Structure formats: structure tokens, C-alpha cells
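Right, one structure below, let's go through it.
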Amino acid sequence: MKKQTKATLIALAIAGVAATSHAAAYNNDLIIGFSSTTGNDLLYDLGSFGSLTPGKTWDLSSLLGSYNLSTVNWGVIGNTSVNGGNRTIYTTFNGTPATVGAGTGSGINTATLSLYNNNFTTAGAGQFAQVSATDDNSWNHQTINPTTDSDYVTAYENPNRGGTGAINFYSAKANSTDPVQDQFFTLDSSGIVTFGTAAVPEPSTYGLFAGAGLLAVCLRNQFRRKQA
């Protein structure tokens with residue numbers, strides 16, 4: 001009986017160590033996630049919001065080698081985990097994200113904790129996790145294709161863009177004014193992520209610029225003829 005009890009205690013101790021070594025507590029860093037909605041998702045700890053400086057880059061090429069970067073879904077999320085109206089939410093969004101109430105902020109925090117705590121074994125900038133896109137706490141299910149009412153996208157909004165290019169990055173204070181844009185995040189075709197890069201105009205925008213330039217030239221020429 002004593003041997004059996006001792007063996008049980010040892011087994012429980014080993015299980016406890018294994019569970020502890022698997023989980024890392026969320027540290028309020030920014031998380032960038034990538035998903036093709038099949039295969040494995042990638043989660044990467046970018047560091048704290050305060051560590052961001054315009055032009056800062058992260059070379060994720062070795063981690064993104066198996067992804068089609070022209071179609072991959074990716075975005076950045078994070079929050080300060082402070083209760084109520086003192087919580088600040090960080091998120092990428094193609095337009096302008098919704099304002100954040102205390103209840104919404106709590107839901108965002110819960111989803112972020114689930115995403116980080118269940119996937120990262122060690123907390124800190126530069127740490128990463130690869131998880132099946134079918135997992136309940138994958139980037140796919142948390143931010144793109146939710147399976148529960150407590151997933152990030154159902155608690156707030158979808159923070160992703162598809163493919164390479166720039167996406168707006170915002171900070172939003174719970175129970176406060178509209179979200180404030182804090183630069184951009186950009187993904188290039190080689191797998192390098194950059195913070196603070198201005199969005200590249202769409203082709204239609206270039207057409208507007210060209211048309212405006214042509215109009216300016218015509219008006220200038222017309223003005224010169226009248227002065228002659």
C-alpha cells in the first residue's frame with residue numbers, strides 16, 4: 001500500500017511539473033499571429049508596446065518558410081490586463097476598430113490569456129509557438145474562425161489582414177474615446193515584419209495621384225497662357 005501511495009505521489013508530481021513547464025503566464029507583450037487556417041499556426045512574442053520604435057523589424061523568414069505569404073492571415077494583438085477602464089487594448093485592424101467597453105476589454109483579456117497561456121512554454125520577446133489550426137486556442141479559431149463565444153474575434157474584432165503589406169495598428173483605452181492609431185505593421189514577401197512603416201497606396205490611389213498631377217500641370221499651363 002505504501003509503495004502504491006508513493007508511486008501515485010511521484011506520478012502526480014511529474015504531471016504537475018509537466019503542466020507547469022508547458023504553460024507561460026501572459027506578460028502583456030504584443031502577439032503576432034499567422035494562419036492559413038490549415039496546418040499549423042505561428043504565434044510570436046514581439047515584446048512590449050513600450051519597446052516599439054519606428055523602423056523596428058523582426059526577421060521571421062525561418063519560421064514562415066512553409067506559409068504562402070501572399071495569402072496568409074496575420075495580425076497583432078495585446079493588452080495591459082489591468083481591470084476595467086484602465087485596461088489598454090492593442091490591435092491591428094484594416095479600418096478603425098470599435099471602441100472598447102469594460103466588458104469588452106475583459107473578454108479580450110480572457111481570450112488573449114487563453115491564446116498565450118495555452119501555447120507558450122516561456123514568456124518573453126522572441127518566444128514563439130506553433131499550434132495546429134484546429135486547436136481551440138489556435139490563431140485561426142481565436143481570431144478568424146471562432147468556435148466559442150469567448151474567442152477573441154467574438155469578444156472584439158478580427159485583427160487580421162490577408163497577405164503581405166501594411167495594416168493599421170491601434171491602441172484603445174477601455175471606457176474611453178475612439179481608438180488611436182499607432183503607426184502600422186508591415187509584412188514583406190521575405191517574412192520580415194516592420195513597425196512604423198507607412199501604408200503603401202493601392203494602385204487606384206496611384207491613379208488619383210497621377211490624375212491630380214496632370215490636372216495641376218494643365219491649370220499651370222492655362223494660367224501661363226493667360227499671363228502671356
message = Condition first: open to solvent by 20 Å² or more (accessible area, probe 1.4 Å) and part of a strand (DSSP E or B). Now tell me which residues in region 172-185 satisfy that.
response = K173, V180, Q181, D182, Q183, F184
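V72 - would you say it is of a type in the set (A, V, I, L, M), at negative phi and free of Cβ contacts under 8 Å to residues at least 40 places away in the same chain?
Working: of a type in the set (A, V, I, L, M): yes; at negative phi: yes; free of Cβ contacts under 8 Å to residues at least 40 places away in the same chain: no.
Against the criterion (of a type in the set (A, V, I, L, M), at negative phi and free of Cβ contacts under 8 Å to residues at least 40 places away in the same chain), V72 does not qualify.
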inquiry  = For region 37-75, give me each residue that is open to solvent by 50 Å² or more (accessible area, probe 1.4 Å), within 16 Å of S138 (Cβ to Cβ) and under 16 Å from the mean Cα position of the chain (by Cα).
reply    = T37
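Give me the residue from region 183-214 that is at pLDDT 90 or above and closer than 16 Å to N94 by Cβ and, out of that set, nearest to the chain's Cα centre (by Cα). I'd like the intermediate steps shown before the answer.
First pass over region 183-214, keeping only residues at pLDDT 90 or above: 183-196.
Those left that are additionally closer than 16 Å to N94 by Cβ: 183-187.
Details: Q183: 14, F184: 11, F185: 9, T186: 11, L187: 12 Å.
So, considering only residues that are at pLDDT 90 or above and closer than 16 Å to N94 by Cβ, the one nearest to the chain's Cα centre (by Cα) is F185.
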Enumeration of residues in region 144-163 that are surrounded by 18 or more Cβ atoms within 10 Å (Cβ to Cβ) and farther than 13 Å from I108 by Cα = I144, P146, N160, R161
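Would you point out which residue out of Y44, Y67 is within 19 Å of I167 (Cβ to Cβ) and assigned to a strand (DSSP E or B)?
Numbers: Y67 fails: assigned to a strand (DSSP E or B).
Going through Y44, Y67 in turn, the sole match is Y44.
Restricting the search to region 76-86, which residues are touching a residue at least 60 places away in the same chain (Cβ under 8 Å) and open to solvent by 10 Å² or more (accessible area, probe 1.4 Å)? Spell out the reasoning first.
We begin by selecting, within region 76-86, every residue touching a residue at least 60 places away in the same chain (Cβ under 8 Å); these are 76-77, 84-86.
Hits for region 76-86 are G84, G85, N86.
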ask   = So, of the residues in region 167-184 that are β-branched (V, I, T) and in contact (Cβ under 8 Å) with a residue 60 or more places away in the chain, which turns out to be nearest to S106 (Cα to Cα)?
value = T177
query = Counting just the residues of region 90-109 that are in contact with a helix residue (DSSP H, G or I) (Cβ under 7 Å, 6 or more places away or on another chain) and farther than 10 Å from Y156 by Cα, which one comes out surrounded by the fewest Cβ atoms within 10 Å (Cβ to Cβ)?
reply = A102
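The values are calculated or read from the model by the stated rules, or taken from the named source; none is laboratory data. Bear in mind the structure is a predicted one, so any value in this text is a computation, not a measurement. No Cβ is skipped: glycine too gets one built from the backbone with ideal geometry, and neighbour counts run over all protein chains shown. All accessible areas refer to the heavy atoms of the entire protein, side chains included, with ligands and DNA or RNA removed. Shrake-Rupley method; radii C 1.70, N 1.55, O 1.52, S 1.80 Å.
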